[in-house]
1. Only residues that are aromatic (Phe, Trp, Tyr) and part of a loop (DSSP other than H, G, I, E, B): list them for region 203-221, please.
2. Condition first: under 23 Å from Glu72 (Cα atoms) and assigned to a strand (DSSP E or B). Now tell me which residues in region 152-179 satisfy that.
3. Considering only residues of region 250-260 that are more than 15 Å from the ligand (Cβ to nearest atom) and within 18 Å of the chain's Cα centre (by Cα), which is surrounded by the fewest Cβ atoms within 10 Å (Cβ to Cβ)?
4. Name the one entry in Leu224, Leu239 that is within 15 Å of the ligand (Cβ to nearest atom), assigned to a loop (DSSP other than H, G, I, E, B) and under 18 Å from Gln290 (Cβ atoms).
5. Among the numbered criteria (1) over 24 Å from Ala223 (Cα atoms); (2) without any contact (Cβ under 8 Å) to a residue 40 or more places away in the chain; (3) not charged (D, E, K, R), which single criterion is violated by Leu309?
6. If we keep just the residues of region 135-146 that are more than 8 Å from the ligand (Cβ to nearest atom) and buried (at least 24 other Cβ atoms within 10 Å of the Cβ), which is nearest to Asn116 (Cα to Cα)?
7. Tell me the residue from Glu156, Glu188, Glu227, Glu215 that is surrounded by fewer than 20 Cβ atoms within 10 Å (Cβ to Cβ), of a type in the set (Asp, Glu) and without any contact (Cβ under 8 Å) to a residue 12 or more places away in the chain, please.
8. Can you give me the number of residues within region 180-200 that are within 16 Å of the ligand (Cβ to nearest atom), under 16 Å from Met216 (Cα atoms) and part of a helix (DSSP H, G or I)?
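Where a number appears in this text, it was derived from the coordinates with a stated rule and is not lab data. Given the structure is predicted, the values throughout are model-derived calculations rather than measurements. Don't worry about glycine lacking a Cβ; one is built from the backbone with ideal geometry, like all the others, and counts go over all protein chains shown.
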Amino acid sequence: SGQQRRYVIGVSQCSDDEWREQMNREITREALFYPEAEVVFRSAGDDNKRQIHDIELLMRNKVDLLVVSPNEADAITPVIEKAYSKGIPVILVDRKIHSNQYTAYIGADNYAIGYNVGEYIASRLQGKGRVVEVTGLRGSTPAAERHRGMTDALREYPDIRVTASVDAGWRRDRARLVFDSLLTHAPEIDMVFAHNDRMAAGAYEAAVKYGREKEMLFVGIDALAGEGYGVEQVASGQLDATFIYPTGGDRVMQTAMAILTGKPYEHDVALSSALVNKGNARVMRMQTGQIRQLDEKIDMLDKRINHFLTRYASQRVLLYTCVVM
Ligand code: FRU
């Protein structure tokens, strides 16, 4: 519709994957409630240089606000400080930087999630066993925090040993490769903790190749709904458990608009997490299925409204032409 777009919000995502897509979808959906705003998305494919370029580009295009999920903290800190010092509000989502030069942060507590994973591992292994950790990109803050959380929790359990910790950069293919070579070296593994469900799936695939997937338990993070993702991996028994890592796109959009229109907003929005295991995966699957159906209905309504508005506009033109004739 011909509504005036007064605000442009630039979103710079570090990666392209189902988790990012879900967040972007939520942002787009929430933006329906703010016709005065337009959102533009950039995706950096896990590449620091590309993300710096994306942010520079959004700045040159004079966006009114930036939403950034920084690929690696060290690399992305300077360009964010630059934007912030120019007076562009910056909302960090999910990943952080090494600076306080930003307007708001929205995300779950990754240290706490890592700590809960550690406790979960200890209880599942009854205080004794060998763990392999497949980490996210080392220079990204969730990987560092999840690692630190798990390590701190396991300090209480001297008979649990983390025999290897390998970086698979948040990617499934890389997790499959690194875990494949680990399997040929590590004789005994009781538990695999992957920093996300995608990497857990990659590690699982490698274990299947050697017929060893039943020897060990797999734990991940994210718990996305939908075919092949975390909740289903748990329901099918591929994953022993996963922890919800909320995408929070609606909160991102609400916070962005509060900042832009001078309304109060929280500087730190803490999204919450929860354990998904065999006991609740089925219920969760049912509920997320229902939510998806509602989502589709909302999309359909939006399309119908747009269709109606276009028709209404052309009828008005027609009427006007009739009157002047
Ligand atoms: C998505 C993702 C998630 C992970 C998060 C950490 O790009 O890799 O799987 O939980 O980023 O920042």
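1. At the first step, the residues of region 203-221 found to be aromatic (Phe, Trp, Tyr) are 204, 210, 218.
Residue satisfying the conditions is Tyr210 alone.
2. Listed by number, the residues that qualify are Ala164, Ser165, Val166, Asp167.
3. The initial filter retains those residues of region 250-260 that are more than 15 Å from the ligand (Cβ to nearest atom), namely 250-251, 253-260.
Next, only the ones that are within 18 Å of the chain's Cα centre (by Cα) stay: 250-251, 253-256.
On the way: Asp250: 15, Arg251: 21, Met253: 25, Gln254: 18, Thr255: 25, Ala256: 29.
Selected residue: Asp250.
4. Numbers: Leu239 fails: under 18 Å from Gln290 (Cβ atoms).
Answer to the selection: Leu224.
5. Tallying (1) over 24 Å from Ala223 (Cα atoms); (2) without any contact (Cβ under 8 Å) to a residue 40 or more places away in the chain; (3) not charged (D, E, K, R), Leu309 fails exactly one: (2).
6. Going through the qualifying residues, I end up with Arg146.
7. Details: Glu156 fails: without any contact (Cβ under 8 Å) to a residue 12 or more places away in the chain; Glu188 fails: without any contact (Cβ under 8 Å) to a residue 12 or more places away in the chain; Glu215 fails: without any contact (Cβ under 8 Å) to a residue 12 or more places away in the chain.
That would be Glu227, the only listed residue that is surrounded by fewer than 20 Cβ atoms within 10 Å (Cβ to Cβ), of a type in the set (Asp, Glu) and without any contact (Cβ under 8 Å) to a residue 12 or more places away in the chain.
8. Here the count works out to 3.
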